[in-house]
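Each reported figure results from applying straightforward, stated rules to the coordinates on display, with no laboratory input. On a predicted model such as this, the values are computed, not experimentally measured, just so you know. Because the Cβ atoms are built from the backbone with ideal geometry, glycine has one as well, and the counts that use them run over all protein chains shown.
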Amino acid sequence: MAASRGAVVLKAVKKVIVQFCPFETNVRSTREFLMMVGSEKVRATNMNCEVITEVKHDRSEPTIDITFLDGERLVMKGSKLTTEEMLSALQTRCSAKDPQAKAGDKK
């Protein structure tokens with residue numbers, strides 16, 4: 001899984017909203033993403049980050065809406081992406097927004 005390659009860090013994230021209908025067949029990657037982001041270890045990287053789950057029963061497409069501290073948003077359609085792709089997109093954005101991560105990359 002993607003988390004074994006690199007830790008998920010929510011330092012630059014203000015809020016994560018995960019929406020899905022559990023009765024649809026295309027929600028597996030979204031639920032796995034929620035499990036990763038909602039774990040205690042990942043949540044400990046930013047205790048002020050809200051992780052909100054909205055379980056719906058309306059056959060809606062699974063979506064992940066991430067709001068960063070600077071106000072930028074990243075919206076991902078879970079039915080079109082794998083868990084690894086979603087985690088990679090999140091980590092790429094977080095790394096770009098975290099000055100400490102940039103300094104660590106230069107060493």
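Couple of notes before you dig in:
- Filter result (surrounded by fewer than 20 Cβ atoms within 10 Å (Cβ to Cβ) and more than 23 Å from F23 (Cα to Cα)) within region 69-92: L69, D70, G71, E72, R73, L74, S88, A89, Q91, T92
- Segments classed as helices (runs of 4 or more DSSP H), wholly inside region 1-81, with at least 2 members that are in contact (Cβ under 8 Å) with a residue 60 or more places away in the chain: 2-5
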